[in-house]
Amino acid sequence: DIQMTQSPSSLSATVGERVTITCRASQGINAYLNWYQQKPGKAPKSLIYAAATLQSGVPSRFRGTGIGTEFSLTISSVQPEDSAVYFCQETYSASCTFGRGTVLEI
Amino acid sequence: EVQLVQSGAEVKKPGESLRISCQGSGYSFGKFWIAWVRQLSGKDLEWMGIIYPGDANARYSPSFQGQVTISADTSNNTAYLQLNSLKASDSAMYYCARGYGVDSWFDPWGQGTLVTVSS
């Protein structure tokens, strides 16, 4: 099974700050990496797919990078509405494993 | 607007069975995959399996193979997740989500169905 390790598990940021969340796969997954945002009481929402492609309607301050085993989600200038849990997910394997999430507090 | 609407919350006893539904609208239901994802304790997400409604081709995570059954009915644009022999550990939020392929991202997601298994 592929393990997806996200870090940090939580972080606190101030408005306007640049924030980076990383996701490491236990083996190479090419660019089969997606990022989701989940707010309290809501379903996850797609942010980035195929490691670097911004989902339609998602603000351009969100950026995904990486390939192979190391991936990052960067928010260039964090806003109050970005307070949420962020998950990465690999879709390379038959298990399509999610990371354990990063709680972002603004 | 593309939308997935799931059936309502359920309370079941251990050993009982349950079928959750997920109705799609605003797109050609038979031409996109529908995945099912479980969320435990409001945090950990687990991919359970996926189905292509157009030909009922279903794939399962090894962790859930044999434990659940995914099906779809294109006549009413609805996918289903069947859970049998429920245990307390099956208590979770269950989401359906639209996929573009077996290995694609999911967008959008249904609103979730909360399942509580308790004696």
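Every number in this text was worked out from the coordinates using simple rules, so none of it is lab data. Keep in mind that what you see is a predicted model, and the values were worked out from it rather than measured. Heads up, the Cβs are rebuilt from the backbone with ideal geometry, glycines too, and the neighbour counts pull from every protein chain shown.
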Hits in region B:75-119 (condition: more than 14 Å from every other protein chain (Cβ to nearest Cβ), polar (S, T, N, Q) and farther than 11 Å from B:Ile34 by Cβ): B:Ser75, B:Asn76, B:Gln82, B:Asn84, B:Ser85, B:Ser89, B:Ser91, B:Thr116, B:Ser118, B:Ser119
Those residues that are in a loop (DSSP other than H, G, I, E, B), in contact (Cβ under 8 Å) with a residue 40 or more places away in the chain and hydrophobic (A, V, I, L, M, F, W, C), I need them from region B:86-119; list them, please. B:Leu86, B:Val102
Those residues of region A:19-38 which are under 14 Å from the mean Cα position of the chain (by Cα) and in a loop (DSSP other than H, G, I, E, B) amount to A:Ala31, A:Tyr32
Tabulated pairs, region A:76-94, first in contact (Cβ under 8 Å) with a residue 40 or more places away in the chain, second of a type in the set (Ser, Thr, Tyr) and buried (at least 17 other Cβ atoms within 10 Å of the Cβ), C-beta under 6 angstrom, 6+ apart or interchain: A:Tyr86/A:Thr102; A:Phe87/A:Tyr36; A:Glu90/A:Tyr32; A:Glu90/A:Thr97; A:Thr91/A:Tyr32; A:Tyr92/A:Tyr32
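A quick yes/no check of all residues on (1) buried (at least 16 other Cβ atoms within 10 Å of the Cβ); (2) within 11 Å of chain B (Cβ to nearest Cβ); (3) farther than 22 Å from B:Cys96 by Cα; (4) not basic (Lys, Arg):
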{"position": "A:Ile21", "(1), (2), (3), (4)": "yes, no, yes, yes"}
{"position": "A:Leu33", "(1), (2), (3), (4)": "yes, yes, no, yes"}
{"position": "A:Leu47", "(1), (2), (3), (4)": "yes, yes, no, yes"}
{"position": "A:Ser56", "(1), (2), (3), (4)": "no, yes, no, yes"}
{"position": "A:Ser76", "(1), (2), (3), (4)": "no, no, yes, yes"}
{"position": "A:Phe87", "(1), (2), (3), (4)": "yes, yes, no, yes"}
{"position": "A:Thr97", "(1), (2), (3), (4)": "yes, yes, no, yes"}
{"position": "A:Gly101", "(1), (2), (3), (4)": "yes, yes, no, yes"}
